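Engineer: Attaching a single structure in structure tokens format; questions to follow.
Just so it is clear, none of the values below were taken in a lab; they were calculated from the coordinates. From a predicted model like this one, the values you see are computed outputs, not experimental measurements. In this analysis, Cβ positions are derived from the backbone assuming ideal geometry, glycine residues included, and neighbour counts consider all displayed protein chains.
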Amino acid sequence: MIPTITYKLGNDLDLDAVIDLYVASTLGERRPVDSRECMAQMMAHANLVVTAWDGDLLVGISRTLTDFCYIAYLADLAVRQSHQKQGIGKELIRRTQAALGPRARIILLAAPAAQDYYPHIGFTQHPRAWTLGPGERVQG
Ligand SMILES: CC(C)(COP(=O)(O)OP(=O)(O)OC[C@H]1O[C@@H](n2cnc3c(N)ncnc32)[C@H](O)[C@@H]1OP(=O)(O)O)[C@@H](O)C(=O)NCCC(=O)NCCS
């Protein structure tokens, strides 16, 4: 039976439950779940967080840093493996977009496991996206 999922806005979340979700979604393999301090900062400084709940169980998260007007960096999207492919990821993004102003654009970096997901649900690939990684320096 497909469970009834409820959604909440806000980053006031139990850190252990958040880390458990990242691990249970597999996104934990690509996020610093070994550092509670870093995970706590990631939650504290995200200013648009939508979560999905199956009763008291945290089953999904969309974590975004945004100015609410122009740009929104969707840093993490994760759904517990037991609850994937039930539309929760799409609904988390819909609710993230609904919290933004009409001119705001969502940008993100896809994890390898999700690179086919975003085109499937309507995202456009950007050919001029660039990153400066930890330890990399501005040249010249
Ligand atoms: C990627 C992820 C967030 C998707 O969430 P989800 O709730 O399972 O996805 P949805 O139910 O919203 O899926 C919507 C559609 O995309 C498809 N889809 C789901 N995951 C997919 C994937 N990894 N690749 C391609 N298509 C995918 C679904 O089959 C569904 O298709 P349909 O509408 O034609 O039936 C989730 O699988 C996850 O947490 N993955 C591990 C962590 C991760 O990689 N996160 C992304 C970080 S950038």
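Engineer: If a residue has to be buried (at least 16 other Cβ atoms within 10 Å of the Cβ), within 15 Å of the ligand (Cβ to nearest atom) and within 20 Å of GLY89 (Cα to Cα) to count, how many in the stretch 24-52 make the cut?
Structural biologist: 12
Engineer: Evaluate the following for ASP56: is it surrounded by fewer than 18 Cβ atoms within 10 Å (Cβ to Cβ), closer than 20 Å to LEU13 by Cβ and charged (D, E, K, R)?
Structural biologist: Criteria met by ASP56.
Engineer: Suppose the filter is within 12 Å of the ligand (Cβ to nearest atom) and under 15 Å from the mean Cα position of the chain (by Cα); does LYS85 pass it?
Structural biologist: For LYS85, the condition - within 12 Å of the ligand (Cβ to nearest atom) and under 15 Å from the mean Cα position of the chain (by Cα) - is not met.
Engineer: Under 7 Å by Cβ, and 6 or more places apart or on different chains, what pairs join a residue from the stretch 4-32 that is under 13 Å from LEU58 (Cα atoms) with one that is surrounded by 12 or more Cβ atoms within 10 Å (Cβ to Cβ) and acidic (Asp, Glu)?
Structural biologist: ILE5/ASP54; TYR7/GLU91
Engineer: Exactly one of these conditions fails for GLY140: (1) away from the ligand (no atom under 14 Å from the Cβ); (2) in contact (Cβ under 8 Å) with a residue 40 or more places away in the chain. Give me its number.
Structural biologist: So GLY140 meets the others, but not (2).
Engineer: When the residues of the stretch 11-23 are narrowed to those that are within 12 Å of the ligand (Cβ to nearest atom) and not hydroxyl-bearing (Ser, Thr, Tyr), which ends up surrounded by the fewest Cβ atoms within 10 Å (Cβ to Cβ)?
Structural biologist: Among residues in the stretch 11-23 that are within 12 Å of the ligand (Cβ to nearest atom) and not hydroxyl-bearing (Ser, Thr, Tyr), the one surrounded by the fewest Cβ atoms within 10 Å (Cβ to Cβ) is VAL23.
Engineer: Looking at the stretch 107-136, which of the residues that are within 15 Å of the chain's Cα centre (by Cα) and more than 10 Å from the ligand (Cβ to nearest atom) is nearest to LEU27 (Cα to Cα)?
Structural biologist: Among those residues, the one meeting the criterion is ILE107.
Engineer: Could you grab me the full set of residues in the stretch 105-122 that are touching a Phe, Trp or Tyr at 6+ places or on another chain (Cβ under 7 Å) and either β-branched (Val, Ile, Thr) or in a helix (DSSP H, G or I) (or both)?
Structural biologist: ILE107
Engineer: Search the stretch 85-114 for residues that are over 15 Å from ILE61 (Cα atoms) and pair each with any residue that is β-branched (Val, Ile, Thr) and more than 14 Å from the ligand (Cβ to nearest atom) when their beta-carbon atoms are under 9 Å apart and the residues are at least 6 apart or on different chains.
Structural biologist: From residues that are over 15 Å from ILE61 (Cα atoms), the pairs are LEU100/THR66; ALA104/THR66; ALA104/ILE71; ARG105/ILE71; ILE106/THR66; ILE106/ILE71; ILE107/ILE71.
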